[in-house]
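Below is one structure; the comments refer to it alone.
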Amino acid sequence: MDQALLIEKIILVLTMLGITLLIATYSTYAERKVAAFLQDRLGPDRAGPFGLLQPLADAGKMFFKEELIPAASEKWLFIMGPGIAMFTACMTGAAIPWGTELHIFGYTLNMQIADIDIGILYIIGFVSMGVYGIMIGGWASNNKYSLYGAIRASSQMISYELAMGLSIIAVVMMSGSLSLKEIAAQQSGMNWNVWYQPLGFVIFFTCALAECNRAPFDLPECETELIGGYHVEYSSMKLGFYLFAEYINMFISSAVIATLYFGGYNFPFQDMISSPALLGWLQFIALFAKIFFFIFVFMWIRWTLPRFRYDQLMHLGWKSLIPLAILNMVITAAVVIARNNGF
Amino acid sequence: MERLTTRAKQVSNKEMTLMERIYLPAILHGMGVTLKHFFMKKASVRYPEVQRPFSPVYRGVHVLKRDEEGRERCTACGLCAVACPAEAITMVAEERKKGEEHLYREEKYAAVYEINQLRCIFCGLCEEACPKEAIFLTDKITPVEEDRASFIYGKDKLVEPLDKRVDVSKRQSWRLNQA
């Protein structure tokens with residue numbers, strides 16, 4: 001690997017990591033504002049203009065809180081838990097094409113950190129590793145409530161991963177590739193996958209909510225039943241890591257949804273733009289507009305729907321979403337075969 | 001049987017139709033409702049900058065008025081303390097000395113006059129009991145303090161300053177108009 005490529009990739013990794021963290025930070029602010037607006041309130045507006053410095057104040061509060069490690073806990077694993085949650089959340093961004101290419105100072109920057117030819121499998125792999133962060137944290141706390149929370153979280157995430165994987169298979173069969181770059185490139189203009197896979201999109205989106213432990217599937221966190229959830233024993237920035245990882249996951253999920261079903265960086269009438277430099281920037285902006293929209297939808301749903309009961313959650317996952325996803329997959333397979341044979 | 005409310009709904013245990021079981025239309029409807037609220041006028045007020053208007057009869061912190069020449073009106077008769085249902089008012093009376101005529105209107109005055117703002121229920125009975133029109137309730141709210149002792153207001157906080165007279169006419173004229 002030559003040095004220029006290495007430097008380019010390092011810069012891209014750091015930039016995307018920075019953007020990810022920044023968006024996750026301001027998602028916490030957006031969440032509070034959206035919640036407030038949906039409930040006819042104003043939301044935080046004291047720290048800075050419109051309360052824009054609120055996330056910094058929250059982070060400062062988190063840092064200055066007392067850090068407790070329970071005496072009965074498995075100390076090493078207790079520290080590992082939030083680290084794994086954060087690590088898996090940050091890793092997934094590498095395979096997502098954030099645009100085609102950007103032209104900065106006469107230099108062409110490829111906007112995908114790693115064009116892995118099995119990109120979507122890589123993301124699914126890391127997402128399913130995220131369950132370890134929660135499970136290890138809940139287990140190492142040596143507290144029955146956090147263990148209950150962790151068991152809830154892991155059984156929920158494992159159940160919904162099945163339907164999620166099945167709905168992705170349909171997309172993969174349609175595009176004939178596991179590479180996210182290829183999948184995004186095939187949806188140029190308005191040729192988005194969601195027009196062909198509406199059911200798959202609904203299933204994927206529902207599973208994404210469950211994977212991120214977002215309402216209405218936020219059962220791992222529950223004050224009345226579990227005091228808090230898998231992070232009962234956590235305080236200070238370790239707790240901050242868990243909460244922050246949730247927001248990063250939300251960002252990444254929105255990016256994956258946008259890439260798989262809503263054309264990624266593509267936008268309508270993009271063929272009419274002749275300048276490649278302008279096109280690159282517009283594609284970058286288009287992708288982020290889609291991502292922000294989905295983050296808003298995540299929050300919108302959270303403040304609209306009441307949560308499921310646990311048996312309803314399992315019922316929905318195993319008895320509704322998985323059969324539907326299999327049906328969707330079979331129909332897609334039949335249509336793909338029929339098309340390839342010239343019907 | 002007469003209904004107690006017009007909003008009662010008959011509960012039924014019927015099987016849900018397919019459309020209802022799909023659940024998505026209901027979700028979209030709910031999201032429409034919340035989105036409508038997103039753009040609605042907000043109920044909350046940015047408090048210290050914006051304040052909701054008080055009623056003209058609002059009863060707030062007390063003031064001990066002075067007369068036109070700046071003399072304290074209170075003569076420490078103790079009627080307010082007797083009238084007070086919360087027993088929030090205490091006072092110590094003293095005789096006016098020679099040369100203090102410009103300070104106190106009557107021959108007797110309150111050397112100590114204390115109202116416990118934590119006991120006070122702001123009923124306004126002290127104001128009605130006062131024969132000298134000395135004590136009035138204003139439209140100001142009791143400010144925040146960090147210890148209980150600071151809520152016992154002495155004459156330093158109650159007597160109106162000479163250079164900053166307190167206007168109580170809004171509530172008083174409203175009351176007169178009602179009567």
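The values are calculated or read from the model by the stated rules, or taken from the named source; none is laboratory data. Just so it is clear, the structure is predicted and the values come from calculations on it, not from any experiment. Virtual Cβ from ideal backbone geometry, glycine too; neighbours counted across all protein chains shown. SASA here: full protein model, heavy atoms, side chains in, ligands and nucleic acids out. Shrake-Rupley method; radii C 1.70, N 1.55, O 1.52, S 1.80 Å.
The figures follow:
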quantity: Residues that are part of a helix (DSSP H, G or I) and either touching a residue at least 24 places away in the same chain (Cβ under 8 Å) or on the phi > 0 side of the Ramachandran plot (or both), drawn from segment A:306-315; calculated: A:Tyr310, A:Leu313, A:Met314
quantity: Any chance B:Lys36 is free of Cβ contacts under 8 Å to residues at least 60 places away in the same chain and part of a loop (DSSP other than H, G, I, E, B); calculated: no
quantity: Matching residues, segment A:270-299, being crowded, with 17+ Cβ neighbours inside 10 Å and within 14 Å of chain B (Cβ to nearest Cβ); calculated: A:Phe294, A:Phe298, A:Met299
quantity: Residue match in segment A:194-213 (condition: within 16 Å of A:Asn266 (Cα to Cα) and within 20 Å of the chain's Cα centre (by Cα)); calculated: yes
quantity: Pair list, Cβ < 7 Å and 6+ apart or interchain, from segment A:31-45 residues that are more than 7 Å from chain B (Cβ to nearest Cβ) to residues that are assigned to a helix (DSSP H, G or I) and among the basic types (Lys, Arg); calculated: A:Gly43/A:Arg32; A:Gly43/A:Lys33; A:Pro44/A:Arg32
quantity: Complete set of residues in segment A:49-81 that are open to solvent by less than 80 Å² (accessible area, probe 1.4 Å) and within 14 Å of chain B (Cβ to nearest Cβ); calculated: A:Gly51
quantity: Test: B:Leu24 is more than 27 Å from the chain's Cα centre (by Cα), open to solvent by 100 Å² or more (accessible area, probe 1.4 Å), closer than 24 Å to A:Leu316 by Cα and within 14 Å of another protein chain (Cβ to nearest Cβ); calculated: no
quantity: Enumeration of residues in segment A:6-37 that are touching a helix residue (DSSP H, G or I) at 6+ places or on another chain (Cβ under 7 Å) and of a type in the set (Ser, Thr, Tyr); calculated: A:Thr20, A:Thr25, A:Tyr26, A:Ser27, A:Thr28, A:Tyr29
quantity: Among (1) closer than 26 Å to A:Leu102 by Cα; (2) at pLDDT 90 or above; (3) surrounded by fewer than 15 Cβ atoms within 10 Å (Cβ to Cβ); (4) among the aliphatic types (A, V, I, L, M), the one test that A:Val330 misses; calculated: (1)
quantity: Elements of type helices (runs of 4 or more DSSP H) contained in segment A:221-305, each with 1 or more residues being of a type in the set (D, E, K, R) and under 16 Å from A:Gly93 (Cα atoms); calculated: A:236-261, A:276-302
quantity: Matching residues in segment B:39-66 - criterion: being in a loop (DSSP other than H, G, I, E, B), more than 14 Å from every other protein chain (Cβ to nearest Cβ) and open to solvent by less than 40 Å² (accessible area, probe 1.4 Å); calculated: B:Gly60, B:Val61, B:Lys65
quantity: Residue within segment B:129-136 that is farther than 20 Å from B:Val57 by Cβ, without any contact (Cβ under 8 Å) to a residue 60 or more places away in the chain and among the hydrophobic types (A, V, I, L, M, F, W, C) present; calculated: no
quantity: Residue list for segment A:310-326, filter: open to solvent by 50 Å² or more (accessible area, probe 1.4 Å) and away from every other protein chain (no Cβ under 14 Å); calculated: A:Tyr310, A:Asp311, A:Trp318, A:Ile326
quantity: Flag if B:Glu69 is charged (D, E, K, R), surrounded by 11 or more Cβ atoms within 10 Å (Cβ to Cβ), away from every other protein chain (no Cβ under 14 Å) and in a loop (DSSP other than H, G, I, E, B); calculated: no
quantity: Close pairs from segment A:178-201: first touching a residue at least 12 places away in the same chain (Cβ under 8 Å) and over 18 Å from A:Asn110 (Cα atoms), partner acidic (Asp, Glu) and surrounded by fewer than 21 Cβ atoms within 10 Å (Cβ to Cβ), Cβ under 7 Å, at least 6 apart; calculated: A:Leu178/A:Asp117; A:Gly189/A:Asp271
quantity: Selection within segment A:95-120 - among the aliphatic types (A, V, I, L, M) and open to solvent by 20 Å² or more (accessible area, probe 1.4 Å); calculated: A:Ile104, A:Leu109, A:Ile113, A:Ala114, A:Ile116, A:Ile118
quantity: Every pair of residues 6+ apart whose Cβ atoms lie under 7 Å, when the first sits in segment A:143-172 and is polar (S, T, N, Q) while the second is open to solvent by 40 Å² or more (accessible area, probe 1.4 Å); calculated: A:Asn143/A:Val232; A:Asn143/A:Glu233; A:Ser146/A:Val232; A:Ser146/A:Glu233; A:Ser154/A:Met135; A:Ser159/A:Met314; A:Ser159/A:Trp318
quantity: B:Lys140 being touching a residue at least 60 places away in the same chain (Cβ under 8 Å) and under 26 Å from B:Glu68 (Cβ atoms); calculated: yes
quantity: Counted residues, segment B:76-127 - those being of a type in the set (A, V, I, L, M, F, W, C), within 19 Å of B:Thr138 (Cα to Cα) and open to solvent by 80 Å² or more (accessible area, probe 1.4 Å); calculated: 2
